[in-house]
Amino acid sequence: MCFCANTEAATDSKKENALSVPEILRNGRFVGTFPSERQLIAQCGNGVVRRPYADEILHIYFLAEKNLWLQCTIEGNSLIGPVTDILISSVPLHKNKVSPRCSINTASIYGIGVGDDARNVLRKLGEPIRSEQERIGSRTFTVYRYNTVPFELGTLITFYLARKRVVAFSIASPE
């Protein structure tokens, strides 16, 4: 769940190495760990909380100034569990629009954001490790998955495309 090889060391250093969601999106670096649920709530507020599964919690925020959605996934049933996935989406994620308390200035990763052309993704990152069609709800998306040299070992970057345009992307920490 974190980027440290030793889980005991990871737990001890979690507070000093935890990155905030805005930091992860701003600089695209994944050194350290994603924030815990407690840290996320302290920084951004609760947002809309959903529990699609017993061991998964979603905190959903609406970024009004960008007309985008931010979703942070926590696996496990504990406030100390880390965020394991950060999703930015132009596709609505909830009927209620709750803004985060923190400021999210950047909604892109490695210069690729929602609305960019598929060619821009391929030009900047090369061929994905996996490209597939994925059905989410009633929609089907082309999905590009990357786990390459620019990213911290184990980090998975996923781009969701509709009509050859990025409609969402996610950053997942290793489990």
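For the reader, a short list of remarks on this structure follows.
- Between the amide H of G115 and those of V166, V167, distances stay under 5 Å, these residues lying 5 or more places away or on another chain, with hydrogens modeled in the peptide plane.
- A simple spin-label model places the labels of R123 and R139 2.4 nm from each other, with each point 7 Å out along Cα-to-Cβ.
- Karplus (6.51, -1.76, 1.60) ³J(HN,Hα), θ = phi - 60°, over segment 48-64, in Hz, Gly and Pro reported as x: 8, 9, 10, 10, x, 9, 4, 10, 9, 10, 10, 10, 10, 10, 10, 8, 4
- Separation of the R165 and H94 label points, Cα + 7 Å toward Cβ, nm: 2.6 nm
- The stretch between S103 and D55, if pulled fully straight at 0.36 nm per residue, gains 14.5 nm over its current Cα-Cα span.
Bear in mind that the values in this text are calculations on the coordinates, not laboratory data. None of the values given here were measured: they were computed from a predicted structure. Neighbour counts run over all protein chains shown; Cβ positions are idealised from the backbone, glycine included.
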